[in-house]
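In what follows, a structure is listed as structure tokens, so that the remarks can point back to it.
The values are calculated or read from the model by the stated rules, or taken from the named source; none is laboratory data. What you see is a predicted model; the values in this text were computed from it and never measured. Neighbour counts run over all protein chains shown; Cβ positions are idealised from the backbone, glycine included. Accessible surface areas use protein heavy atoms only, side chains included; no ligands, DNA or RNA. Shrake-Rupley method; radii C 1.70, N 1.55, O 1.52, S 1.80 Å.
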Amino acid sequence: MAVSLDQYILDLMNMERTAAGLAPYIRDSNMDAAALAHSALWLMVGSCPATTIGTVAWGDGHICPGESDPCTRISTALGGVALSKCAENVGQGYDLSPTPNFYGIILTIHQQFISEPLTGGFNHHDNILSPDFDKVGIGVATNAGSIRFTVDFAKL
């Protein structure tokens, strides 16, 4: 493909948003850097187990050992501003063939996200189609046949 993996993720999300009559997401470079740092750490440590902070339950892949929660990471990336809303989608996959098809992995995960029922809450599909978020950051890390990606969403 001619586009980078992170741009491919953005393109897939924006195709869904356009079809739903929503404005496309525009990336924030500081949030991109934070999302990439999280993806790289997750790839390096291999496992970031589910955890609960306060009343918020974060699933696998959202908080790695020694790392703050996604909303704190996003706020920090934006200079410490208070966020009125935040969310995070993460994905991981493996392709141990000689030439891994990371685009195919991303597409499969995206299709799984979009197949979730819209709830008006914080599932993957809701995050992609939310009219509330005004910033997005995307980071993709790969090594051998493994991929981890993070998409952070924020509303100031």
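Points to keep in mind about this one:
- Segment 65-87 residues that are within 18 Å of I53 (Cα to Cα), paired with ones that are basic (K, R) and open to solvent by 60 Å² or more (accessible area, probe 1.4 Å) (beta carbon under 9 Å, 6 or more apart): L83/K155; S84/K155; K85/K155; C86/K155
- The set of residues in segment 101-128 being assigned to a helix (DSSP H, G or I) and hydrophobic (A, V, I, L, M, F, W, C) consists of F102, I105, I106, L107, I109, F113, I114, I128.
- Contact map, segment 99-114: residues that are touching a residue at least 12 places away in the same chain (Cβ under 8 Å) paired with residues that are open to solvent by less than 70 Å² (accessible area, probe 1.4 Å) and of a type in the set (D, E, K, R), Cβ distance under 8 Å, separation 6+ or inter-chain. Pairs shown: F102/D95; I105/D95; I114/E16.
- Checking P98, P24 one by one, the residue that is open to solvent by 70 Å² or more (accessible area, probe 1.4 Å), assigned to a loop (DSSP other than H, G, I, E, B) and farther than 25 Å from D134 by Cβ is P98 and no other.
- Test: residue in segment 32-45 that is of a type in the set (V, I, T), surrounded by 12 or more Cβ atoms within 10 Å (Cβ to Cβ) and outside any loop (DSSP other than H, G, I, E, B): yes
- Condition met for I106 (open to solvent by less than 30 Å² (accessible area, probe 1.4 Å) and either modelled with pLDDT under 95 or aliphatic (A, V, I, L, M) (or both)): yes
- Among the candidates V90, V136, V140, V81, residue that is among the aliphatic types (A, V, I, L, M), modelled with pLDDT of 95 or more, open to solvent by 50 Å² or more (accessible area, probe 1.4 Å) and under 22 Å from A34 (Cβ atoms): V81
- Unmet criterion (only one of (1) touching a helix residue (DSSP H, G or I) at 6+ places or on another chain (Cβ under 7 Å); (2) open to solvent by less than 20 Å² (accessible area, probe 1.4 Å)) for G145: (1)
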